[in-house]
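Read through the structure below, which is laid out as structure tokens, and then see the notes.
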Amino acid sequence: MKRELIVTAEGRDRTVIVDGPGPDGRFRISIDGVEHGVDAVALRPGSWSLIIAGRSYQVDLDRRRGGIAASVGAGLAWSDAVPFLSGLVYNVPPIRAKDVPFLDVVVASFNNPIRLAMGWFAVPGSHALPPVSLAITFWAIGALLMTAKRFAEIRDLRSADLLRYRRSFQGYTDESLHNAMVVHACLFAFSFGVVTEKYAPELMLLIPFVLIFIGWYFHLSYQPRSVVKEPERLIGNVPFVSYCLAVFVLLLVLLFGPPDVRETSRWLAARF
């Protein structure tokens, strides 16, 4: 069956011709005369999830007197564009945040919520923005890890080498970086607590293990020639990596485990 639509996508009207589904279950869609092969799944009456060139879009059909109007969610498109803008702010003058103390961490840490958004909007049917508390949680843990890296570097590198390596070190001291680590750790713990309280109470049982992870990472950052300076070397720290994997498995069990486990974890969390 062939249908012709006028689609409003990101503020622009486009002519869309839909033909299908064919024997292979795919639709042939022509957008302004350009044909595309599309995988489509009906989410509910009037709402479709489309996979076009490996990207996911949700299309909501609105029946009107003059026919059918459609709107396409642009969340995924925005989450794809933001990393480029973030890279410009971080690397390109006149801002070049990587050379500005503390601003380098603030900007670079946005990579975490950006990745969160890309995964969030890639899920069919995701129109609403991720919760602010979840985005802050992702940002804060990234800021903590990057600040710890700078803290380990400033303790090991000679003063003459610091500015050649990273110009932002001209505004850093041991004390200021340690204070920033504490602030980021507190912000992460607070926002993660909000997420567990509002959206996933069973994850409250994960908080003690997350605090151990933070304390352990602080300990690693204080060691001479710390592996925190080169995070890829952390894979050689078998106890730490094993602990992180165990916490990740616990996270999966609490979220997706058997119903009895999830109910028990919620019961225990309600009595904290």
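The values are calculated or read from the model by the stated rules, or taken from the named source; none is laboratory data. Just so it is clear, the structure is predicted and the values come from calculations on it, not from any experiment. Using ideal geometry, Cβ is built from the backbone for each residue, glycine included, and neighbour counts are taken over all protein chains shown.
Listed here are the residues, each with its yes/no results for (1) assigned by TED's automatic domain parsing to the domain that holds Pro113; (2) β-branched (Val, Ile, Thr); (3) modelled with pLDDT of 85 or more; (4) within 18 Å of Val228 (Cα to Cα).
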residue: Ala135; (1), (2), (3), (4): yes, no, yes, no
residue: Leu145; (1), (2), (3), (4): yes, no, yes, yes
residue: Lys149; (1), (2), (3), (4): yes, no, yes, yes
residue: Arg158; (1), (2), (3), (4): yes, no, no, yes
residue: Asn179; (1), (2), (3), (4): yes, no, yes, yes
residue: Val183; (1), (2), (3), (4): yes, yes, yes, no
residue: Lys198; (1), (2), (3), (4): yes, no, yes, no
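Restricting to segment 114-123, name every residue that is touching a helix residue (DSSP H, G or I) at 6+ places or on another chain (Cβ under 7 Å) and either among the small types (Gly, Ala, Ser) or more than 16 Å from Val89 (Cα to Cα) (or both).
Result: Leu116, Ala117, Met118, Phe121, Ala122.
Does Ile235 meet the test of being surrounded by 15 or more Cβ atoms within 10 Å (Cβ to Cβ) and part of a helix (DSSP H, G or I)?
Numbers: surrounded by 15 or more Cβ atoms within 10 Å (Cβ to Cβ): no; part of a helix (DSSP H, G or I): yes.
Spelling it out, it is not the case that Ile235 is surrounded by 15 or more Cβ atoms within 10 Å (Cβ to Cβ) and part of a helix (DSSP H, G or I).
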